[in-house]
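Novice: Below you'll find the structure I mean.
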Amino acid sequence: MGTGNWSHVTEFIILGFPHFQGVQIYLFFLLLSIYLTTILGNLLIFLVVYLDSRLHTPMYRFVSILSFLELGYTAATIPKMLANLLSEKKTISFSGCLLQIYFFHSLGATECYLLTAMAYDRYLAICRPLHYPTLMTQSLCIKIAIGCWLGGLAGPVVEISLVSRLPFCGPNHIQHIFCDFPPVLSLACTDTSVNVLVDFIINSCKILATFLLILSSYLQIIRTVLKIPSAAGKKKAFSTCASHLTVVLIFYGSILFMYVRLKKSYSLDYDRALAVVYSVITPFLNPFIYSLRNKEIKEALKRQLMRTGILR
C-alpha cells in the first residue's frame with residue numbers, strides 16, 4: 001500500500017497541559033506576562049546595543065543578535081500555546097505543525113551556533129587579548145553571525161523532509177505543549193526508527209558539538225584566568241563570561257536531555273517540563289541575566305533613558 005493511501009490526518013490536536021484543565025485561564029495570564037516581559041526585555045537590550053555606540057563591540061553585537069533571535073524563537077511556539085489555553089479546539093494543521101517544528105528547531109540551532117560564537121569571542125578576548133582587535137574584527141563578527149543564521153535555517157530541512165513523508169492515519173493527539181519531532185513521530189502509522197536515528201545523529205552533531213566547543217573555550221579561559229596574579233583581574237575576567245555561561249548552562253542543560261537520545265520519550269510530563277525550560281524560561285531569563293549582571297548594559301540603558309527624558 002502506498003504512503004499516500006495511509007495519510008489521512010490533516011490536522012493535529014495539541015493537548016498542552018492536560019493536568020491543569022481547571023486553571024487554564026491562570027496559566028494563560030502567567031504565560032502572557034512571561035511572553036510580554038520576554039519581548040520587552042530582549043527588544044530593550046537589542047535597541048540599547050544598537051543605539052549606544054560604546055556597545056558597538058563584537059561581544060555586545062552578539063548579545064544584541066541573541067536578543068533579536070529570542071524574539072523569533074519564542075514567537076514560533078508561545079502565541080499558539082496562548083491561543084490553545086483559551087480555545088476549546090486546540091488544533092493545528094499538518095503543514096502548520098511542520099512549519100512550527102521547522103522555525104523552532106532552525107532558530108534553536110541558530111542559538112546553539114551563536115552561543116558557540118560568543119564563547120569563541122570570550123576565548124579570544126581573555127586568552128589572546130593583544131591579538132583580539134585584529135582577530136575579532138567587525139567584519140568577521142558579521143560573517144560569523146550570518147554563518148550562524150544560515151547554518152541554523154538549513155539545520156532541520158532533512159528531518160522535516162523525512163517527517164513530511166510519513167503516513168499519519170490517526171490518532172492525532174500530540175502529547176506535548178507544541179509541535180515537536182518526538183511527539184509527532186509517535187503518531188506515525190509506520191516504523192520511525194530511521195527518523196529517530198537521523199534526529200539523534202543531527203542533534204548530536206549540532207548540540208553536542210557546539211556544547212563541547214563552548215566547554216573547550218571555557219576550559220582555556222579558566223586556565224588563563226587562574227594565571228592572573230591579582231584577585232581583581234581574575235574577577236574582572238570572569239565577570240565578562242558569567243552572563244554567557246549562565247545562559248549556556250540553562251539552555252544546554254535542558255536541550256541535551258530532550259534531543260540527544262535514541263528513545264522517543266522518557267515520560268510526557270518530563271518532556272513538557274523540559275520544553276517549558278528551553279522554550280519559555282530561558283528566553284525570559286536572558287534579558288535579566290545580561291542586564292542585571294552586566295555593568296556596561298545597565299549604564300548604557302541609563303544613558304538612553306536619560307537621553308529620552310525618562311530619567312533625570
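Novice: Counting only other residues whose beta carbon sits under 12 Å from that of LEU140, what net charge do I get with K and R as +1, D and E as -1?
Specialist: Every neighbour counted, the sum reads +1.
Novice: Please determine, in degrees from 0 to 90 and to the nearest 10, the orientation of helix 193-203 with respect to the longest principal axis defined by the Cα atoms of the chain, where the helix direction is its Cα long axis.
Specialist: So the helix axis and the longest Cα principal axis differ by about 10 degrees.
Novice: Report ³J(HN,Hα) in whole Hz for each residue of the stretch 217-225, in order, from the Karplus equation J = 6.51 cos²θ - 1.76 cosθ + 1.60 where θ = phi - 60°; Gly and Pro get x.
Specialist: Using θ = phi - 60°, the values come out as 4, 6, 5, 5, 5, 4, 4, 5, 5 Hz.
Novice: Hey, another quick one. So which aspartates and glutamates pass the test for LYS206, namely a Cα distance under 18 Å, with those fewer than 8 places away in the same chain ruled out?
Specialist: GLU111, GLU159, ASP180
Novice: Report, to the nearest whole %, how much of the accessible area of the stretch 135-217 belongs to carbon and sulfur atoms, 1.4 Å probe, protein only.
Specialist: Solvent-exposed carbon and sulfur of the stretch 135-217 make up 75 percent of the total.
Novice: Along the positive direction of the dipole of the chain (beta-carbon charges: Lys, Arg +1; Asp, Glu -1; about the Cα centre), which of THR190, SER204, LEU115 reaches farthest?
Specialist: It is LEU115, whose Cα lies furthest towards the positive end.
Novice: Now for a different question. Taking square-rooted eigenvalues a ≥ b ≥ c of the alpha carbon gyration tensor, is the stretch 1-121 rounded, prolate or oblate, where a/c under 1.5 means rounded and, failing that, a/b exceeding b/c means prolate?
Specialist: In terms of gyration-tensor shape, oblate.
Novice: Now a separate question. Hey, which aspartates and glutamates would be in cross-link range of LYS227, C-alpha to C-alpha under 20 Å, not counting anything within fewer than 8 residues on its own chain?
Specialist: Answer for LYS227, where 20 Å is the Cα cut-off: ASP121, listed by chain and number.
Novice: With θ set to phi - 60° and the Karplus curve 6.51 cos²θ - 1.76 cosθ + 1.60, what are the ³J(HN,Hα) couplings of the stretch 179-189 in order, to the nearest whole Hz, using x for Gly and Pro?
Specialist: Coupling constants for the stretch 179-189: 5, 8, 4, x, x, 6, 4, 5, 9, 5, 8 Hz.
Novice: Still on this structure: Which whole-number percent is the relative contact order of the chain (Cα, under 8 Å, 6+ apart)?
Specialist: Relative contact order, the chain: 27 percent.
Novice: Hey, another quick one. Given ILE146, PRO129, GLY41, which one lies farthest toward the positive end of the charge dipole of the chain, if we put +1 on the Cβ of every Lys and Arg and -1 on the Cβ of every Asp and Glu?
Specialist: Value: PRO129.
Novice: Over the stretch 94-159, how many percent of alpha carbon pairs lie in each 10 Å bin up to the one with the longest distance?
Specialist: All Cα pairs considered, the percentages come to 21, 38, 23, 13, 4, 0.
Novice: Further question: Treating the beta-carbon of each Lys and Arg as +1 and of each Asp and Glu as -1, no other charges, what is the dipole magnitude of the stretch 1-111 about its Cα centre, to the nearest 20 debye?
Specialist: Dipole of the stretch 1-111, to the nearest 20 debye: 40 debye.
Novice: Can you compute the helix-only [θ] at 222 nm over the chain? Use -39500 (n - 2.57) per DSSP H run of at least 4 residues, normalise by all residues, nearest 500 deg cm²/dmol.
Specialist: -22500 deg cm²/dmol
Novice: If the chain between ARG165 and ILE13 were fully stretched, how many nm would it gain, using 0.36 nm times the residue separation less the Cα-Cα distance?
Specialist: Residue separation times 0.36 nm, minus the Cα-Cα distance, leaves 52.8 nm.
Novice: Decide, for the stretch 193-276, between rounded, prolate and oblate: order the square roots of the alpha carbon gyration tensor eigenvalues as a ≥ b ≥ c, take rounded if a/c falls under 1.5, and otherwise choose prolate if a/b is larger than b/c, else oblate.
Specialist: prolate
Novice: For the chain, with every protein chain kept in place, what is the accessible area per residue (1.4 Å probe, Å²)?
Specialist: Ligands and nucleic acids excluded, the figure is 49 Å² per residue.
Novice: Another one. Relative contact order for the stretch 185-312: what is it in percent, counting Cα pairs under 8 Å that are at least 6 residues apart?
Specialist: Contact order relative to length: 28 percent.
The values are calculated or read from the model by the stated rules, or taken from the named source; none is laboratory data. Values in this document were obtained by computation on a predicted structure and should not be read as measured data. Don't worry about glycine lacking a Cβ; one is built from the backbone with ideal geometry, like all the others, and counts go over all protein chains shown. Ligands, DNA and RNA are excluded from the accessible area calculation, which covers all protein heavy atoms including side chains. Shrake-Rupley method; radii C 1.70, N 1.55, O 1.52, S 1.80 Å.
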